[in-house]
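Participant: Below are the C-alpha cells for one structure; questions will follow.
The values are calculated or read from the model by the stated rules, or taken from the named source; none is laboratory data. Treat the numbers as computed from the prediction; the structure is a model and nothing was measured. Counting neighbours? That spans all protein chains shown, and the Cβs are built from the backbone with ideal geometry, glycine included. Quick note on the areas: whole protein, heavy atoms, side chains included, nothing else; ligands and nucleic acids left out. Shrake-Rupley method; radii C 1.70, N 1.55, O 1.52, S 1.80 Å.
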Amino acid sequence: MVRTLVSPAVNAFLLDIEGTTTPISFVKDVLFPYIKENVKSYLHTHWNEKECQEDIDFLRKQAKDDKELEGAVLIPEWCSGENADKEQALEIVTNNVLWQMSQDRKTTALKQLQGHMWREAFLHGEVKGEVYKDVAPAIKEWRKEGKKVYIYSSGSVEAQKLLFGYSVEGDLLELFDGHFDTKIGSKVKAESYREIAKNIGCSTDNILFLTDVTKEARAAEEAGVQVILVVRPGNAELTEEEMSCSIITSFGELLLSDPKAN
C-alpha cells in the first residue's frame, strides 16, 4: 500500500460523499431510483403539509430560473395552495423533478425535496446509508489527533445526516464536526471553499479536501485548500494529467505523521 503523508498544516478534513465516503452505486442505484419511483406518491401523501408546500414553492422558483433550458418544466403559481387542481399540479411538479434528475441537476430546491423524501425512507428502514469500511476507522484516528472533520456535499445537510445517522455501520454522526451543502455555494466555485474556511474558523490552507471530482478539486485548490483525489471502484476514470495529482484509494492510506521522523 502506498501511503500519503498529510501536511502538518492540516487541522480540518473536508469530505465529499458520493464516490468518496460512499459508493456512487449507492446514490445511483438506490437513492435516486427511490426518488423517481416515489416522488408522486410522496407529494400526494404530504400535499397539505407546510413543508411539502414550501418544497413546491422552492421548485417553482428554480423552474423560473430554468425556463430558458431545453425541456425545462415550468411550475405555474396555481400549482400550490388549497385552490390547486391537485392531480394536475402533482403531474407538473413530478415532471419537473424527473426532468431535473434526468439532467443531473444539483439545484438546492431539488436536493431539499430529495432530502425530505430520503428522511422518510431512512426513518422507516426502507434505506440504510452505505459507507466504505475504511471511512469510520480513519476518521476516528484523525479525531484522536485533534483534527476536525466536515462534510461538503451537493446533497442537503439533512440528507447527509440521514445517510450517516442511519448507515450500515450504525450512527456515525458523532464523527463529524459539521455539514455543508450547496447553500454555502457551488462545489465547483472557489468562493465556496473560502466561505467554508470562514465558517469553521481556519485558513483555507489548513483544510484538506477529499473528493473524486476533479472540477471540485480545482476549485478548492484555487481557494488555497489542500486536495487529494479519491479513486474508488466505479468512479470516473482519471486522465493522465489527473493521475499526476495526489491520489488515494482508501482513507487508510493517509498518514498524519511521517514514521521516518519517529
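Participant: What residue, of Glu158, Glu126, Glu130, is over 15 Å from Phe32 (Cα atoms), open to solvent by 40 Å² or more (accessible area, probe 1.4 Å) and of a type outside the set (A, V, I, L, M)?
Facilitator: Result of the check over Glu158, Glu126, Glu130: Glu158.
Participant: Further question on the same structure: Return the only residue of Ile196, Ile228, Ile151 being modelled with pLDDT of 95 or more, in contact with a strand residue (DSSP E or B) (Cβ under 7 Å, 6 or more places away or on another chain) and farther than 27 Å from Val30 by Cβ.
Facilitator: Ile196
Participant: While we're looking at this one, here's another question. Among the numbered conditions (1) under 29 Å from Lys187 (Cβ atoms); (2) in contact (Cβ under 8 Å) with a residue 12 or more places away in the chain, tell me where His44 comes up short.
Facilitator: Unmet condition: (1).
Participant: Can you work out which of the residues in segment 190-236 that are of a type in the set (Ser, Thr, Tyr) and open to solvent by less than 50 Å² (accessible area, probe 1.4 Å) is farthest from Leu5 (Cα to Cα)?
Facilitator: Ser192
Participant: Among (1) under 17 Å from Asp16 (Cβ atoms); (2) open to solvent by 70 Å² or more (accessible area, probe 1.4 Å), there is one condition His179 misses while meeting the rest; what is its number?
Facilitator: With respect to (1) under 17 Å from Asp16 (Cβ atoms); (2) open to solvent by 70 Å² or more (accessible area, probe 1.4 Å), His179 is out only on (2).
Participant: Do any helices (runs of 4 or more DSSP H) lying entirely in segment 130-205 carry at least 1 residues that are of a type in the set (D, E, K, R) and within 18 Å of the chain's Cα centre (by Cα), and which ones are they?
Facilitator: Filter on segment 130-205 gives 157-165, 190-200.
Participant: Is there a residue in segment 161-176 that is open to solvent by 30 Å² or more (accessible area, probe 1.4 Å) and touching a Phe, Trp or Tyr at 6+ places or on another chain (Cβ under 6 Å)?
Facilitator: There is at least one residue in segment 161-176 that is open to solvent by 30 Å² or more (accessible area, probe 1.4 Å) and touching a Phe, Trp or Tyr at 6+ places or on another chain (Cβ under 6 Å).
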